[in-house]
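Inspection log for the structure reproduced underneath, given as structure tokens.
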Amino acid sequence: MSSRGSKGWLLQRISGALLFITLGVHFYIYHYFMGPGMWGFESIGYGANDLETLRLMAESDPTQARFYALASLFAAPVWKVFDILFITLGCYHGFYGIVANIEDMVTHPTWRPVLSWLTYFAAFILWVMGVVTVISFNPQLF
């Protein structure tokens, strides 16, 4: 694999497989596991104080309890790393696919590199915005 295209092809396949795994974990934890019952929090890093707070909040307002549970999970360092990996894989996989389509479809010698670099720039901006959001998230502000 000496050419740039074959390395990109291989990285696209690897990122797709890893994205499939991280998407499954993300969906399970954030959309299924945090269901109405909100059971099993101690297995993902909630302490006794957090569980009691969740129980009290669920009695008064279930929506607030769900937000608190997700915000606490989102603020944990392990999940920050996971979310940054998820954002990185998504940005790489999606925007590399767009650039590959540009290289296949755009035949004009001036427009092809311009559109490719604009796509790379947009990917970088969105990646930075996602990473800054994940790193700077503080549930105590809400």
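General observations
- Qualifying position, being within 23 Å of Gly16 (Cα to Cα) and out of contact with any Phe, Trp or Tyr (no Cβ under 6 Å at 6 or more places or on another chain), among Ala122, Ala71: Ala122
- The condition of being modelled with pLDDT of 90 or more and within 21 Å of the chain's Cα centre (by Cα) does not hold for Gly45.
- Among (1) buried (at least 16 other Cβ atoms within 10 Å of the Cβ); (2) modelled with pLDDT under 90; (3) closer than 23 Å to Thr22 by Cα, the one test that Ala65 misses: (3)
- Any chance Thr119 is more than 25 Å from Tyr30 (Cβ to Cβ) and either at pLDDT 95 or above or aliphatic (A, V, I, L, M) (or both): yes
The values are calculated or read from the model by the stated rules, or taken from the named source; none is laboratory data. Since this is a predicted model, take the numbers as computed values, not measurements. Cβ atoms come from the backbone with ideal geometry, glycine included; neighbour counts cover every protein chain shown.
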